[in-house]
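A quick write-up on the structure given underneath.
The values are calculated or read from the model by the stated rules, or taken from the named source; none is laboratory data. Because the structure is a prediction, the values reported are computed rather than measured. So basically every Cβ, Gly included, is an ideal-geometry build from the backbone, and we count neighbours across all protein chains shown.
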Amino acid sequence: MTVEAIQASTPIGLPVGTALSPSRASDFLTCPLLFRFRAIDRIPERPSSAAVRGTLLHAVLEDLFDLPAAERTIEAAKELLLPTWERMLVDNPDAAFALDPDAAFPPDPQAPREALSPAVVMEWISTAEPLLATYFDLEDPTRLEPQARELRVEIQLDDGPPLRGIIDRVDVAPGDLVRVVDYKSGRSPGVGFEQKALFQMRFYALMLWRINGNIPTRLQLIYLGDSQVLKYDPTEAELIAFEKTLRALWSTITRVAAEGNWAPKPSKLCNWCDHHDRCPAKGGTPPDLPIHITTRPTE
């Protein structure tokens, strides 16, 4: 697709190339203004220790399968923590702020950054070791040969939204049985909240189905925070209904974007939001919309 075609296909009010992902869909459902801050303004947010630790664990569990099966031990996984963290810092230096909550954020680009104390780094990395141990209690990686890890998937639904996501792991067993696996470093959802947790997995299942024509046999969420595994076998009827939900959601997002009416949606989740000073519900003022959003002259 040419640059002109991409620009023409992007709805007015959204940055060129905007797609619907599980996280952006969740943002909009949580609060349209939060979606705007993340997808349009792209305002940096202080990384939390839990989120960065989750990213570290995902990377370690991905790299673990690069080792020969017999070498995929808990000891090998722990040895991967430090070099993986160092590689993360090269790709995303802001991850270091998760270990230094008192440092000003966002950082001054002109000021030199102080290196983290090795003792602080090792103490923080040690908090990931129990979660790795939980993984080994739940699965034996020496018996697994994933077909794909950190699989980036993109698809444009016919007359619908562009979808995008990264799948942690795809396993294929004899008989073409497909299992989609996602790791969660936190705790499993309480009773009644399982459907919200499965939203992301249905998203992945729908994309894989529309790409290759086969519905994944099983969706599996592995919760390292409390040693739980949530399993679900999707059906065609459920994925058709889910696709309708995503189409309706995208329609709402594009309408709000065209109107520029990104209203806040106050809830208990506001307590964890980084944008109080920009939120009208908290007495703040949103910044002007950035100039990089798509605009086309009216005819």
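Some points to look at:
- Breaking point among (1) outside the structural domain of residue 202 (by TED's automatic domain parsing); (2) modelled with pLDDT of 95 or more, for residue 247: (1)
- Matching residues in the stretch 203-221 - criterion: being touching an Asp or Glu at 6+ places or on another chain (Cβ under 7 Å) and either assigned to a helix (DSSP H, G or I) or not assigned by TED's automatic domain parsing to the domain that holds residue 243 (or both): 206
- Condition check for residue 191: of a type outside the set (Ser, Thr, Tyr), over 19 Å from residue 65 (Cβ atoms) and either within 14 Å of the chain's Cα centre (by Cα) or not in a strand (DSSP E or B) (or both): yes
- Enumeration of residues in the stretch 267-277 that are touching a residue at least 60 places away in the same chain (Cβ under 8 Å) and farther than 18 Å from residue 44 by Cα: 267, 269
- Flag for residue 263 being in contact with a helix residue (DSSP H, G or I) (Cβ under 7 Å, 6 or more places away or on another chain) and part of a loop (DSSP other than H, G, I, E, B): yes
- Within the stretch 87-112, considering residues that are of a type in the set (Asp, Glu) and under 21 Å from the mean Cα position of the chain (by Cα), the one farthest from residue 182 (Cα to Cα): 94
- In the stretch 135-178, residue nearest to the chain's Cα centre (by Cα) [restricted to those that are part of a loop (DSSP other than H, G, I, E, B) and aliphatic (A, V, I, L, M)]: 157
- Members of the stretch 42-65 that are under 30 Å from residue 288 (Cβ atoms) and among the polar types (S, T, N, Q): 48
- Total residues in the stretch 136-164, condition on the phi > 0 side of the Ramachandran plot and at pLDDT 95 or above: 1
- All told, residue 102 meets the bar of being outside any strand (DSSP E or B) and in the same structural domain as residue 61 (by TED's automatic domain parsing).
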